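Please read the structure below before turning to the comments.
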Amino acid sequence: DTGKNNYQFYTRQLTSNAVQKMEVELDLRRAITEAPEELEVFYQPQINLVTGMVSSAEALVRWQHPDGKRIGPDEFIPAAENTGLIIPLGQHVLRQSCLDFLNWQREGLELERICVNVSAVQLLRSSFYEDTQAILQETGIPPEALELEVTETALMKDDETVAHVLAQLQDKGIQIAIDDFGTGYSSLGRLQSLPVDRLKIDRSFMPEDAQAHGDHALITSVLSLASNLNLEVVAEGVETEYQAELLIRNRCQLAQGYLYSPPLPNSAFVEWVRRHTE
Ligand code: C2E
Ligand code: CA
Ligand code: CA
Ligand code: CA
């Protein structure tokens, strides 16, 4: 009965959302094409649980907006994927990550790898393999020092294309990790046939405390599955000593989370690693 008013309200709301979305997209296009330095790469250390040393780092992009706000990736990666801007953005993050990694080496930091997120939109582009190779050549990073993180859901998008490009990259020596493992529903058979070196267990699987029995069964079974398939495991979102000890007891190789460090700007990351290896 009040349908008319509601309808008007609804369309106005819809229009303003659409306009807002378009503004974000335009602004992101401006940043990527004219001011790529606004898209800053932060690094979060990954700890080897056997040696206690920093073995690698995950690159996580942030948008340092000129109006002063720092915008997290969850707020602009979807827009970048919808508009295709994820292609130049992904290349920018990959190039910057490789350059920063090489600088760490020059400064005496002994990290094994740099891990970079790639979205399904990038993987499904026919030129992804060539584009990635070009950045490796241009920067001079050894392929073994690069790990690409691909979400479990991206792996299920298009069996053939994605598996093929990952196999090509792995043939070249690039490492492949399945990100957010456990949140998709990939079959175990599929897992065995995929070109993968590492599993990153999603942080939703991290038990809060000793009372959370169900969670323990999940994490221990993922760890034994991975060990049977000869895959290393990175536990994400490790926030407490309790969680770290549980992981060590169950022979998880790597951990990442606020317990050790949040993602840091490059210079702060270098400082952190120095302090941690003294
Ligand atoms: P992700 O790959 O699963 O990254 C892990 C997220 O968990 C990061 O959020 C990280 O800051 C956060 N995190 C790390 N340790 C902890 C912890 O102990 N507790 C909690 N609660 N959270 C923790 P961030 O940086 O906001 O990134 C969100 C997502 O955005 C990433 O999830 C990834 O999917 C995407 N992303 C980030 N950078 C890139 C990029 O360069 N390219 C693409 N395609 N995606 C990216
Ligand atoms: Ca990731
Ligand atoms: Ca993840
Ligand atoms: Ca995630």
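Nothing in this text is a laboratory measurement; each read-out follows from the coordinates by a stated rule. All values reported here derive from a predicted model rather than from experimental measurement. We place every Cβ from the backbone using ideal geometry, glycine too, and count neighbours over all the protein chains shown.
Structure summary
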read-out	value
Over the chain: Rg over Rh, Cα atoms, Kirkwood Rh	1.01
At R0 = 25 Å, FRET efficiency that the Cβ-Cβ distance of His213 and Met53 yields, to 0.05	0.20
Whole-Hz couplings from phi, Karplus 6.51/-1.76/1.60, listed for region 46-61; x for Gly and Pro	10, 9, 6, 6, 7, 9, x, 8, 7, 9, 6, 8, 9, 7, 10, 7
Span-rule helices in the chain, defined as complete DSSP H runs reaching 20 Å or more along the axis (Cα) with Kyte mean at least 0.5	none
Rg followed by Dmax, in Å, when region 85-125 is reduced to its Cα trace	12.3, 37
Value at 222 nm in deg cm²/dmol, rounded to 500, when DSSP H runs of n ≥ 4 in the chain each add -39,500 (n - 2.57)	-15500 deg cm²/dmol
Relative contact order for region 1-154, counting Cα pairs under 8 Å that sit 6 or more residues apart, in percent	19 percent
14 Å beta-carbon shell around Gly84, net charge (K/R +1, D/E -1)	-1
Relative contact order [Cα under 8 Å, 6+ residues apart], region 34-117, whole percent	30 percent
Directionally averaged projected area (convex hull, Cα atoms, region 44-129), nm²	7.5 nm²
Compactness index (Cα Rg / 2.2 N^0.38 Å), region 237-278	1.30
Cut-off under 5 Å, modelled amide H: who pairs with Phe42 long-range	Leu60, Val61, Arg62
Calculated FRET efficiency for the pair Ala18/Glu138, C-beta based, R₀ 45 Å, to 0.05	0.70
Virtual spin-label span in nm between Ser267 and Leu26, 7 Å along Cα→Cβ	3.5 nm
DSSP beta bridges in the chain [antiparallel fraction, %, rounded to 5]	40 percent
The chain - percent relative contact order, Cα under 8 Å, separation 6 or more	19 percent
Calculated FRET value between Asp131 and Thr33, using beta carbons and R₀ = 30 Å, to 0.05	0.95
